[in-house]
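J.: Mind looking over this structure? Questions follow.
The values are calculated or read from the model by the stated rules, or taken from the named source; none is laboratory data. Note that this is a predicted model, so its numbers are computed, not measured. With ideal geometry, Cβ positions are generated from the backbone for all residues, glycine too; neighbour counts draw on all protein chains shown. Just the protein is used for accessible areas: all its heavy atoms, side chains included, with ligands, DNA and RNA removed. Shrake-Rupley method; radii C 1.70, N 1.55, O 1.52, S 1.80 Å.
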Amino acid sequence: GMLVEMKRKQPLTYAVVLLLSIQTLLSVNAFTPSHVISGATRKSSPATSINVLPPETVAAATESVVEHVASLTSSSLMLGMSDDIAGLIKYFIIVAAFGGGLIPAALAGNKAMFETLAGKRRGGEQDIDAADYNPKTNMDPTVLDTKLRAYVESSGGTGAELSGSALLFPNERIPLVDIIAIMGRIQNVDSLCDWKNLPSAKLPNVSPTNPPTWLPRAAFKVNMRKAKFTSWPVDPSTGEPVGGSDLKAVEEKRIKQSGALIGDAALDAVWDSWAWGASITTPDKVGAALREYRSTGDTFQLNNFVSAAVRGRSITGIAALSFIVIQVIAYGTLFIAPALRQYANIDIGFGELGYCNPEACLHVFAPK
């Protein structure tokens, strides 16, 4: 009833609604495919994977809508339509039909980006079923260690917060004692893992003398929670315990225990100091970072560590900003700028698509 009335009174609007309806029906599968992560197949999230529409399906749908729009040209509304408006409609149909995956892909990408910026950095830490785990192809040797992989929001640590932690945009508070608990378990590069026995080093056809040594972030977290606490680090400039003697007296007994709780936000901060936004790291990157703030097995330069972590975290911010700029340019050129020219006589740049009345057009960035 409503669509029939729209078809009679507003044929152009009806054509656009028809196009979007067809495209929505054809794009359902874009939200529900499966994908492979680290060599193990698992079910995908409805908002994280995108499929491209089959060309023959898109072509048939587009042809149908174009024919319908053409049939409307005999109406009184379409007879008065300028070539520019007709061209805009044609362009919109092509973009909407062949770019069917753009919107859901952008939504998924933006969701992941904002979660990352908010501190919810759990990429590479997805749990999989034991039946799907293949140690020969999965690069994370700790996938089945579910207890130590569980996300820890708070360790219960007391004392001061890590100075400058606000610049890391953590999702939770980062107590300084959590960083100390990690540093007390790291004496050198080899404290993180057995690099030569990582799954990546055992892949087929790799160099036996110089194999790829890729440590995933999740494996680093598990290894740190398993590692033995050797000693409370000291400030090399004063010789005093980092965080002060009072903090050491209160917390040392707790954090030196095997399996002591360490918050994920603190582990992510340490990871950022060498990985710079990546989900895997290599011994050369870890070694370079440790030389900056953990040059010996018993000292820890806190200020240098904070600087390294902030620099690493900034890479994620730069990537997010770049992604936003790309979207602004893309959507501005394809949709926003043409619509403003066509229907509001406002020209904001981003190409020349769309008709802007020369007598009434407002040129925002380049007045004419």
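J.: Assess whether residue 317 counts as being in contact (Cβ under 8 Å) with a residue 40 or more places away in the chain and at positive phi. Working first, answer last.
T.: Working: in contact (Cβ under 8 Å) with a residue 40 or more places away in the chain: yes; at positive phi: no.
When the stated conditions are applied, residue 317 does not pass them.
J.: I would also like to ask the following. With the requirement that a residue be polar (S, T, N, Q) and open to solvent by less than 10 Å² (accessible area, probe 1.4 Å), what does the stretch 250-296 give you? Walk me through how you get there before you give the answer.
T.: Filtering the stretch 250-296 down to residues polar (S, T, N, Q) leaves 257-258, 273, 279, 281-282, 295-296.
Selection gives 273, 281.
J.: When you scan the stretch 333-350, do you find a residue that is assigned to a helix (DSSP H, G or I), of a type in the set (Ser, Thr, Tyr), at pLDDT below 85 and over 28 Å from residue 163 (Cα atoms), even just one?
T.: For the stretch 333-350, residues assigned to a helix (DSSP H, G or I), of a type in the set (Ser, Thr, Tyr), at pLDDT below 85 and over 28 Å from residue 163 (Cα atoms): present.
J.: Among the residues of the stretch 335-368, how many are small (Gly, Ala, Ser), open to solvent by less than 40 Å² (accessible area, probe 1.4 Å) and either in contact with a His (Cβ under 9 Å, 6 or more places away or on another chain) or on the phi > 0 side of the Ramachandran plot (or both)?
T.: 2
J.: Could I ask something else about it? Inspect the stretch 288-295 for any residue being closer than 30 Å to residue 244 by Cα and either touching a residue at least 60 places away in the same chain (Cβ under 8 Å) or in contact with a Gly (Cβ under 8 Å, 6 or more places away or on another chain) (or both) and give the result as yes or no. Show your work before the answer.
T.: First, the residues of the stretch 288-295 that are closer than 30 Å to residue 244 by Cα: 288-295.
With either touching a residue at least 60 places away in the same chain (Cβ under 8 Å) or in contact with a Gly (Cβ under 8 Å, 6 or more places away or on another chain) (or both) added as a condition, the list becomes 290, 294.
Yes, some residue in the stretch 288-295 is closer than 30 Å to residue 244 by Cα and either touching a residue at least 60 places away in the same chain (Cβ under 8 Å) or in contact with a Gly (Cβ under 8 Å, 6 or more places away or on another chain) (or both).
J.: Confirm whether residue 254 is part of a helix (DSSP H, G or I), basic (Lys, Arg) and over 30 Å from residue 152 (Cα atoms).
T.: Working: part of a helix (DSSP H, G or I): yes; basic (Lys, Arg): yes; over 30 Å from residue 152 (Cα atoms): no.
When the stated conditions are applied, residue 254 does not pass them.
J.: Still on this structure, I have one more. Regarding the stretch 320-341, can at least one residue be identified that is without any contact (Cβ under 8 Å) to a residue 40 or more places away in the chain, in contact with a helix residue (DSSP H, G or I) (Cβ under 6 Å, 6 or more places away or on another chain) and not hydrophobic (A, V, I, L, M, F, W, C)?
T.: So far as the stretch 320-341 goes, no, none of its residues is without any contact (Cβ under 8 Å) to a residue 40 or more places away in the chain, in contact with a helix residue (DSSP H, G or I) (Cβ under 6 Å, 6 or more places away or on another chain) and not hydrophobic (A, V, I, L, M, F, W, C).
J.: Within the stretch 275-307, count every residue that is assigned to a helix (DSSP H, G or I) and closer than 25 Å to residue 140 by Cα.
T.: Narrowing the stretch 275-307 to residues assigned to a helix (DSSP H, G or I): 275, 283-293, 302-307.
From what is left, the residues that are closer than 25 Å to residue 140 by Cα are 275, 283-290.
Summing the residues that are assigned to a helix (DSSP H, G or I) and closer than 25 Å to residue 140 by Cα in the stretch 275-307 gives 9.
J.: A follow-up question, please. Here are 282, 296, 333, 316: which of them is under 20 Å from the mean Cα position of the chain (by Cα) and hydroxyl-bearing (Ser, Thr, Tyr)?
T.: 316
J.: Right, next: Within the stretch 340-363, does at least one residue satisfy the condition of being under 30 Å from residue 114 (Cα atoms), touching a strand residue (DSSP E or B) at 6+ places or on another chain (Cβ under 8 Å) and of a type in the set (A, V, I, L, M)? Write out each step before concluding.
T.: Quick first cut of the stretch 340-363, residues under 30 Å from residue 114 (Cα atoms) only: 340, 348-351.
If we keep only those that are touching a strand residue (DSSP E or B) at 6+ places or on another chain (Cβ under 8 Å) as well, we get 340.
Now narrow it down to the ones that are of a type in the set (A, V, I, L, M): 340.
Among the residues of the stretch 340-363, at least one is under 30 Å from residue 114 (Cα atoms), touching a strand residue (DSSP E or B) at 6+ places or on another chain (Cβ under 8 Å) and of a type in the set (A, V, I, L, M), which makes the answer yes.
J.: Kindly provide the set of residues from the stretch 201-249 that are closer than 16 Å to residue 180 by Cβ and surrounded by 17 or more Cβ atoms within 10 Å (Cβ to Cβ), ordered by number.
T.: Those that are closer than 16 Å to residue 180 by Cβ and surrounded by 17 or more Cβ atoms within 10 Å (Cβ to Cβ): 224, 225, 227, 229, 232, 233, 241, 242, 243, 247, 248.
J.: Name the single residue, out of those in the stretch 193-248 being aromatic (Phe, Trp, Tyr) and not in a helix (DSSP H, G or I), that is nearest to residue 282 (Cα to Cα). So that I can check it myself, show each step before the final result.
T.: Residues of the stretch 193-248 aromatic (Phe, Trp, Tyr): 195, 214, 220, 229, 232.
Filter once more, so that each one left must be not in a helix (DSSP H, G or I): 214, 229, 232.
Values: 214: 5, 229: 23, 232: 26 Å.
Applying the filter and picking the extreme gives 214.
J.: One residue is enough: does the stretch 311-330 have a residue meeting the conditions part of a loop (DSSP other than H, G, I, E, B) and open to solvent by less than 60 Å² (accessible area, probe 1.4 Å)? Can you show your working first?
T.: Step one: list which residues in the stretch 311-330 are part of a loop (DSSP other than H, G, I, E, B), which gives none.
No, the stretch 311-330 contains no residue that is part of a loop (DSSP other than H, G, I, E, B) and open to solvent by less than 60 Å² (accessible area, probe 1.4 Å).
J.: For the stretch 158-179, give me each residue that is of a type in the set (D, E, K, R), open to solvent by less than 70 Å² (accessible area, probe 1.4 Å) and modelled with pLDDT of 95 or more.
T.: 178
Condition check ((1) charged (D, E, K, R); (2) in contact (Cβ under 8 Å) with a residue 24 or more places away in the chain; (3) more than 21 Å from residue 288 (Cα to Cα)) across all residues:
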{"residue": "169", "(1), (2), (3)": "no, yes, yes"}
{"residue": "178", "(1), (2), (3)": "yes, yes, yes"}
{"residue": "188", "(1), (2), (3)": "no, yes, no"}
{"residue": "211", "(1), (2), (3)": "no, no, no"}
